[in-house]
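Let me begin by presenting the structure, written as structure tokens, before commenting on it.
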Amino acid sequence: MDPKQQNALPPIYGLVLAGGKSSRMKTDKAAIRIGGVTQSERIFNLLKPHCEQVFLSTRDALADRPGHRDFPQIRDLSESTGPISGIVAAMDRFPEVAWLVAACDLPFLDEDTLRQLLRERNPNQMATAFKSAHDGLPEPLCALYEPRSRAAIQAFIEQGIRCPRKMLIRSGIRLLDLGNPRALDNMNTPEDYEQAHAALDHP
């Protein structure tokens, strides 16, 4: 992106999504440690160099727990509507910024992937996101959402659509090929954690 154009763009804030119930993992994913740090801390630190401010998206029931309490927070608007609730809460608090959003359960997310996302950003679209390495569909939980996306998201919510992936599929977005095909592999189960732990702590 041309540096002059980049300077004219809205500032970028970061949002680490950590408000999920972690029901399949059976323990809070934000507090899981790999490489000696919690997953929320790792993603927070990855986003920080690229953002003017970074927040943890959480909910009231988790706010004072390990993996949550040490970070600036934006609380979910609802306890039961999934990650879109956290994204909307952030947009409503700071409506004039673009949001670099990443889930806390992406143990393979790396600096190069974030740099690619920012470098290939299209600010004239609702969002810039990667294609899943598994099915080619947009990955909404590591994406850059422009300020203009708030109105589109509200329209989807009013239609009863709360899945951020469905929102991106049905919208005009910049869709990128992943340089690192493992970067957005997530952890949903204890087995996923064991595999990530083995790969990252004992490569």
Residue check: is Val101 closer than 18 Å to Met187 by Cα, at pLDDT 90 or above and surrounded by fewer than 18 Cβ atoms within 10 Å (Cβ to Cβ)?
no
Here is a check on your reading of the model: is Arg69 over 28 Å from Gly160 (Cα atoms) and at pLDDT 90 or above?
yes
Asn122 fails exactly one of the following numbered conditions: (1) modelled with pLDDT of 95 or more; (2) within 17 Å of Gly14 (Cβ to Cβ). What is the number of that condition?
(2)
Would you be able to say whether some residue in segment 63-85 is assigned to a helix (DSSP H, G or I), open to solvent by less than 40 Å² (accessible area, probe 1.4 Å), touching a residue at least 40 places away in the same chain (Cβ under 8 Å) and at negative phi?
yes
Starting from segment 32-54, keep only residues that are among the basic types (Lys, Arg), then list their pairs with residues that are modelled with pLDDT under 95 and open to solvent by 20 Å² or more (accessible area, probe 1.4 Å) whose Cβ atoms are within a distance under 8 Å, requiring at least 6 positions of separation or different chains.
Arg42/Gly35
From the set of residues in segment 7-62 that are open to solvent by 50 Å² or more (accessible area, probe 1.4 Å), of a type in the set (S, T, N, Q) and modelled with pLDDT under 95, which is nearest to Phe94 (Cα to Cα)?
Asn7
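The values are calculated or read from the model by the stated rules, or taken from the named source; none is laboratory data. For clarity, every value in this text was computed on a predicted model and none was experimentally measured. Virtual Cβ from ideal backbone geometry, glycine too; neighbours counted across all protein chains shown. When the accessible area is computed, the model is the full protein with side chains, heavy atoms only, and any ligands, DNA or RNA have been set aside. Shrake-Rupley method; radii C 1.70, N 1.55, O 1.52, S 1.80 Å.
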